[in-house]
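Contents: one structure, followed by commentary.
The values are calculated or read from the model by the stated rules, or taken from the named source; none is laboratory data. Just so it is clear, the structure is predicted and the values come from calculations on it, not from any experiment. Ideal geometry is used to build each Cβ from the backbone, glycine not excepted, and the neighbour counts take in all protein chains shown. The protein model used for the area step is the full one, side chains on, heavy atoms only, and it has no ligands, DNA or RNA in it. Shrake-Rupley method; radii C 1.70, N 1.55, O 1.52, S 1.80 Å.
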Amino acid sequence: KKVPEKYQKSQIKEVLVEDIMSTNRTVVSKDIPISEVAEIMIDTGYNGLPVVENDKVVGIITQTDILRLISKLEA
């Protein structure tokens, strides 16, 4: 629906996460090399990936995490 501009700010309070979340089903394990994670992100365009262990989400790896690592290693 097109919400008139004067009501748009109040409409955001009614939006649920499930209404806008990505249904990305790509996950990685804790023991995958960072280079493979980077390739997956490049290929898929995802900025972050859930990290799973025994079918349970234990974290998330993001492009920012990878950039921090590169910066730290190159310092």
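Could you please find all residues in region 36-59 being open to solvent by 80 Å² or more (accessible area, probe 1.4 Å), of a type outside the set (D, E) and assigned to a helix (DSSP H, G or I)?
Within region 36-59, just I42 meets the criteria.
For region 1-33, name all the residues that are open to solvent by less than 70 Å² (accessible area, probe 1.4 Å), modelled with pLDDT of 85 or more and among the β-branched types (V, I, T).
Across region 1-33, the qualifying residues are T26, V28, I32.
Report yes if some residue within region 60-69 is touching a residue at least 12 places away in the same chain (Cβ under 8 Å), assigned to a helix (DSSP H, G or I) and more than 15 Å from the chain's Cα centre (by Cα); otherwise report no.
Yes, region 60-69 contains a residue that is touching a residue at least 12 places away in the same chain (Cβ under 8 Å), assigned to a helix (DSSP H, G or I) and more than 15 Å from the chain's Cα centre (by Cα).
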